[in-house]
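The values are calculated or read from the model by the stated rules, or taken from the named source; none is laboratory data. These figures come from a predicted structure and were not determined experimentally. Heads up, the Cβs are rebuilt from the backbone with ideal geometry, glycines too, and the neighbour counts pull from every protein chain shown.
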Amino acid sequence: MTAPLFPISLRLTGRRVVVVGGGHVASRRTTSLVEAGADVVVIAPELSPALTARVERDEVTWVARAYQPGDLDGAWLVQTATADPATDDAVARDAEKAHLWCLKGGDPEAATAWMPATGRVDDVAVAINAGGDARRAATLRDAVVAAVESGELPLRHRTHHPGGKVALVGAGPGDPGLLTTRGRRLLAEADVVVVDRLAPQAVLEELDEDVEVIDVGKMPDRHPVPQEQINAILVDRAREGNIVVRLKGGDPYVFGRGGEELLACRAAGIPVEVVPGVTSAIAVAAAAGIPVTHRGVARGFTVVTGHEELAELPRRSDHTLVLLMGVKRLAQTTEELIAAGHAGSTPAAVIERGFLPDQRVTTGVLADIAGRAAQAGASAPAIVVVGDVVTALSS
């Protein structure tokens, strides 16, 4: 039975590591050592193209000859991979005498150190040993890295906290499955989540019990937490050293005031990251089978809120209009559009609660869509799409 290994991580920055050999294994191992900041010395009569390139970039030092006794002086670690058993054995013996850990290419059983299959996600290092089975170790490594990247594994710092920061995360149109991988990972790291009404609430159930969740959701014509107060919450919680996720429906920069929140954080000296989201302006239309552009039907689209001045919008039915937050005043909006020159016969649709189980679509034309929506009892959250694309895929 193979003796058990003692797993350990080494800080190699600025420390001399000797690599004996210039082939594929030596090249691959040198890459990892250089990334770890080691002072790498490669001893080999000839080098692979990859190692030659590193020498030319002054990333490693090359001793252009065969290994000789004394080459390990001053080293902290040695890798031998010459494909010559006699040379590799000699290096291993010299390393043993010098009390150096030796990675032995092609002969792990005779080595005093093993290199695991490694991966890194931000400050999380994954290292897998699998009983000498390199392919098995790599497969397990990839699975763990994928789980970390997706936020499936808990990532919150418990003892060594990296300091406060804010992430403005777009949560998509409401379906948790449309939240990006980066967004999920940040939620898995979060100490505080400041959440909108339209963000998928199901993802909050995955948070640790001690994560602070602050609901700042806005209702139509009712903003219980003013934007200035939201900005202050983000800054104050980050200054306390927390990782703060501002979870916003759709995309932070599409009528989401993400720009205001970013400026507030920057003004306070708080590091801030923006994670784009799937905007409901496009996604909700797609959920109803309506493309905002379609070859031969519409070459462009405009996204506005239902509260804006609409007279200057393009008046062609081959240019799609997407109205956000416009259901309440839809009758007034359609009157303004028709008065501005939009044809009353232009196809129109109201899509409520896109991508959710109770999604509903009401269709008509610009002249009657408000009445149809009112008769159906349409309510927010919803978007309105106006243009020939509404019927492009149904005709």
Among V327, V303, which is the only one that is in a loop (DSSP other than H, G, I, E, B), closer than 27 Å to P200 by Cβ and β-branched (V, I, T)? V327
Test R156 against the criterion of being farther than 22 Å from F355 by Cβ and either in contact with a helix residue (DSSP H, G or I) (Cβ under 6 Å, 6 or more places away or on another chain) or without any contact (Cβ under 8 Å) to a residue 40 or more places away in the chain (or both), and give yes or no. yes
Could you grab me the full set of residues in region 284-300 that are in contact (Cβ under 8 Å) with a residue 24 or more places away in the chain and out of contact with any Ser or Thr (no Cβ under 6 Å at 6 or more places or on another chain)? V284, A285, A287, A288, G289, I290, P291, T293, H294, V297
Restricting to region 352-381, what's the tally of residues that are part of a loop (DSSP other than H, G, I, E, B) and within 18 Å of L198 (Cα to Cα)? 11
What is the one condition in (1) modelled with pLDDT of 90 or more; (2) exposed (fewer than 14 other Cβ atoms within 10 Å of the Cβ); (3) part of a loop (DSSP other than H, G, I, E, B) that V278 does not satisfy? (2)
Here's a check for you: in region 327-366, which residue that is of a type in the set (S, T, Y) and in contact (Cβ under 8 Å) with a residue 40 or more places away in the chain is surrounded by the most Cβ atoms within 10 Å (Cβ to Cβ)? T333
Exactly one condition in (1) assigned to a strand (DSSP E or B); (2) crowded, with 21+ Cβ neighbours inside 10 Å; (3) touching a Leu at 6+ places or on another chain (Cβ under 7 Å); (4) not hydroxyl-bearing (S, T, Y) is not met by C265; state its number. (1)
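Residues checked against (1) among the charged types (D, E, K, R); (2) at pLDDT below 85; (3) in contact with a Pro (Cβ under 8 Å, 6 or more places away or on another chain):
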site	(1), (2), (3)
P85	no, no, no
D88	yes, no, no
R93	yes, no, no
L100	no, no, no
L103	no, no, no
E109	yes, yes, no
N129	no, yes, yes
A143	no, no, no
H157	no, yes, no
Evaluate region 81-94: report whether one residue or more is in contact with a Leu (Cβ under 6 Å, 6 or more places away or on another chain), assigned by TED's automatic domain parsing to the domain that holds L33 and buried (at least 17 other Cβ atoms within 10 Å of the Cβ). yes
Only one of these is under 29 Å from K328 (Cα atoms) and in contact with an Asp or Glu (Cβ under 9 Å, 6 or more places away or on another chain): P200, P226. Name it. P200
Inspect region 312-326 for any residue being touching a strand residue (DSSP E or B) at 6+ places or on another chain (Cβ under 7 Å), outside the structural domain of L198 (by TED's automatic domain parsing) and among the acidic types (D, E) and give the result as yes or no. yes
